[in-house]
Amino acid sequence: MGVSGSTALKVSDIYKNFGKDENPVEVLRGVSFEMAQSQSLVITGPSGSGKSTLLHLIGTLDRPSSGTIEIDGKDPFTLPEPQLARFRNQVIGFVFQDHHLLPQYSVLENVLIPTMAFKNRNGAAGERARELLQRVGLAHRLNHRPAELSGGERQRVAVARALINQPSLLLCDEPTGNLDHATADAVSSLLFELHQAEQNILIVVTHSLELAARFERRFELINGSIRP
């Protein structure tokens, strides 16, 4: 699937197999698509169709069995592991169904965690973290622990954390799956608001047809293959 404008993400003929060589389980079968910067895409499909697997491959959390993935013109899988970890940290942001906040740290500290793995490039991580928390409506919660927040507030912290390093690619796996309808709608609106402000690529995997309807681009994964 081609797109207009400069290509910032190119997924080419991706296959992913699991299991032993003599009896592999083929999860993804020749997935290909391209995206330009500032575009958004939703991936839907039944459970077991390969949605999360594809997202993990794009996020460099796993490697494809064959095919290539280019992000900002680079194939991250050609990098040595330490450089790949740095690339993932600085170029890709993740939001999962479960917020994965560390309970012993404050809201502000949780948002800052991705900046601690490598030296922050602009030296203004604390300022950006406070700005993001203000934008997600949690400026008054900086010093609270995750246990003191509602489910929607915890997910908003996770969104702020995913954006702290200004990634060009934001990947979300069922970001509203654990939320009630009203809270899910608020978090969805927040994702789009920040996506438009940051001008990143936004890719979301979801079972929610209501959330999927808000995207400019969408496709369905069926048995590991794309159905437009």
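Some points to look at:
- Helical content alone sets the calculated 222 nm signal of the chain at -10000 deg cm²/dmol, taking -39,500 (n - 2.57) per DSSP H segment of four or more residues and averaging over every residue.
- The chain: relative contact order in percent, alpha carbon pairs under 8 Å with at least 6 residues between: 29 percent
- Local electrostatic count, residue 182, Cβ distance below 15 Å [Lys/Arg +1, Asp/Glu -1]: -3
- Rounded to 10°, Cα long-axis angle of helix 81-91 versus longest principal axis of the chain: 60 degrees
- Positive-end residue, region 1-107 charge dipole about Cα centroid, Cβ charges, pick of 77, 48, 91: 91
- Electrostatic bookkeeping for residue 146 treats Lys and Arg as +1 and Asp and Glu as -1; over the other residues with beta carbon under 13 Å from its beta carbon, the sum is +1.
- Highest-first arrangement of 165-173, 133-141, where packing means the average Cβ count within 10 Å: 165-173, 133-141
- If only the Cβ of Lys and Arg carry +1 and only the Cβ of Asp and Glu carry -1, the dipole of region 131-215 around its Cα centre is close to 240 debye.
- Total lysine pairs whose alpha carbons fall under 22 Å of each other in the chain (8 or more apart, or interchain): 6
- Overall, the chain carries a charge dipole of about 420 debye about its Cα centre when +1 sits on the Cβ of Lys and Arg and -1 on the Cβ of Asp and Glu, all other atoms neutral.
- Here the chain is described by how far its Cα atoms reach on the three principal axes: 53, 40, 39 Å, from widest to narrowest.
- Summarising the label geometry, the points placed 7 Å from Cα in the beta-carbon direction at residue 78 and residue 213 lie 4.4 nm from one another.
- Measuring nothing but how far apart in sequence close Cα pairs (under 8 Å, 6+ apart) lie, relative to its length, region 117-199 scores a relative contact order of 29 percent.
No value in this document is a laboratory result; all are computed from the given coordinates. These numbers come from a predicted model, not from an experiment. Positions of Cβ are generated from backbone atoms using ideal geometry, with glycine treated the same way; all protein chains shown enter the neighbour counts.
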